[in-house]
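A short worksheet on the structure shown next.
A short reminder: the numbers here are calculations on the coordinates, not readings from a lab. In this text the structure is predicted, and so the values were computed from the model without any measurement. Cβ sites come from the backbone with ideal geometry, for glycine too, and all protein chains shown count toward neighbours.
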Amino acid sequence: MAQQARQAGAIIREGTAVQELQYQENKFCLKLATGEAHFTDLVIGSYGKRTNLDRHLQRPFFRQPSPYIGVKYHLRYHQPKDLICLHNFKDGYAGISAIEDDKYCFCYLTTRANLKASGTISQMEASILSQNPHLKKIFREAEFLYPQPEVINEISFASKTCIENHTLFCGDAAGLITPLCGNGMAMAIHAAKIASNCILEYLTGRLNQEQLEKKYTQLWQQEFSRRLQTGRLVQRLFGRPILTEMVLHTFKQFPAGVRFLMKKTHGKPF
């Protein structure tokens, strides 16, 4: 995608961080870590879950402490490639699925309290996650491809805004869907499509800045706000073994409930 953007004439700056973002007199000023300043009419924020730019913009979610941490491994493991597995454990859940080159992505979400009580990631995996026999089997039999996992702290599923300081946000920067509901990449691509269509109207003079922000907000909320809200609700049902078993038993008795839940969290093809 970056290569296609270059071919279309885009200038891509790699390894460059935006430290400050200001909006004055209908112009943005982006101050880079290098000390440079760039001016532009439009800014799209698609920089992921959480950065120092969120602090600079004083986004409300940034001030809310989050109890969640995420841990991700790449490994080799014997499991059908068309199978995505979710495994529950105390105050968290894990997922494993096939990726490229006969590798698997294994990741889990849990709380800082679990980690603090255990001391280290490996001790937490041995004492808490391995109580689930399926997870114990993964830790025992899988070939872990890197010495250490990728660990992400302060994962926030709090509500965010898709417009802040006249900036259009896309992807995780606009709202993070819970892993249980999946489809995060599809959601990010869909948000980019919505933003692109609105921006084209703005650049061709059919929308002014205020109309652009209003239309993007309406379309974004129409498509994603309910899905994110449902995802936060569903997540509360997992990580509590007894409650999870009750929910899964109910879904086995009423399969239509699963289809209804997927409809509420996964959206439609676009």
Given backbone amide H placed at 1.01 Å from N, residues whose amide H is under 5 Å from that of Q19, ignoring those fewer than 5 places away on the same chain, are K31, L32, A33
Prolate/oblate/rounded label for the stretch 1-92 (Cα gyration tensor, a/c 1.5)
oblate
Taking amide hydrogens as modeled 1.01 Å from N in the peptide plane, which residues meet the under 5 Å criterion relative to T111, leaving out close sequence neighbours?
I69
Using the Karplus curve 6.51 cos²θ - 1.76 cosθ + 1.60 with θ = phi - 60°, what ³J(HN,Hα) values do you get for each residue of the stretch 140-150, in whole Hz, with x for Gly and Pro?
7, 9, 6, 9, 7, 8, 10, x, 10, x, 8
What residues have an amide H closer than 5 Å to that of G45, excluding those fewer than 5 places away on the same chain, when H is modeled at 1.01 Å from N in the peptide plane?
L168, F169, C170
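Assuming R0 = 25 Å, what is the FRET efficiency of F39 and S159, from their Cβ-Cβ distance, to the nearest 0.05?
Values: r = 31 Å, r/R0 = 1.25.
Approximately 0.20, to the nearest 0.05.
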With θ set to phi - 60°, apply the Karplus curve 6.51 cos²θ - 1.76 cosθ + 1.60 along the stretch 200-211 and write out the HN-Hα couplings as whole Hz, x wherever there is a Gly or Pro.
4, 5, 5, 5, 8, x, 7, 10, 8, 4, 5, 5
Separation in nanometres of the label points that stand 7 Å from Cα toward Cβ, at M246 and T217:
3.9
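Taking the stretch 218-270, which trypsin sites (Lys or Arg not before Pro) meet the DSSP loop condition and have no more than 13 other C-beta atoms within 10 Å?
Sites meeting the loop and neighbour criteria: R236.
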D (µm²/s, integer) via Stokes-Einstein for the stretch 68-155, Kirkwood Rh across alpha-carbon pairs, 4 °C, 1.567 mPa s: value 99
Restricting attention to the stretch 1-108, which GluC sites (Glu not before Pro) occupy a DSSP loop and are surrounded by at most 13 other Cβ atoms within 10 Å?
E14, E25, E36, E100
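Suppose we look only past 32 Å in the calculated P(r) of the chain. What percent of the Cα-Cα pairs does that tail hold?
Values: 12165 of 36315 pairs.
For the chain, the share of Cα pairs beyond 32 Å comes to 33 percent.
Antiparallel DSSP bridges in the chain: what percent, to the nearest 5? Please report the intermediate quantities before stating the final value.
On the way: 37 of 39 bridges.
That works out to approximately 95 percent antiparallel.
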Relative exposure of D41, D54, judged by other C-beta atoms within 10 Å (fewest first)
D41, D54
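Compute the FRET efficiency between A126 and S46 as 1/(1 + (r/R0)^6), taking r as their Cβ-Cβ distance and R0 = 30 Å, and round to the nearest 0.05. Let's see the in-between values first.
Working: r = 38 Å, r/R0 = 1.25.
In this case the efficiency is close to 0.20.
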Modelled label-to-label distance, A17 and T204, 7 Å Cα→beta-carbon offset: nm?
3.9
In Hz, Karplus ³J(HN,Hα) per residue of the stretch 159-168 (6.51, -1.76, 1.60; θ = phi - 60°; x = Gly, Pro):
5, 10, 10, 8, 10, 8, 6, 6, 8, 8
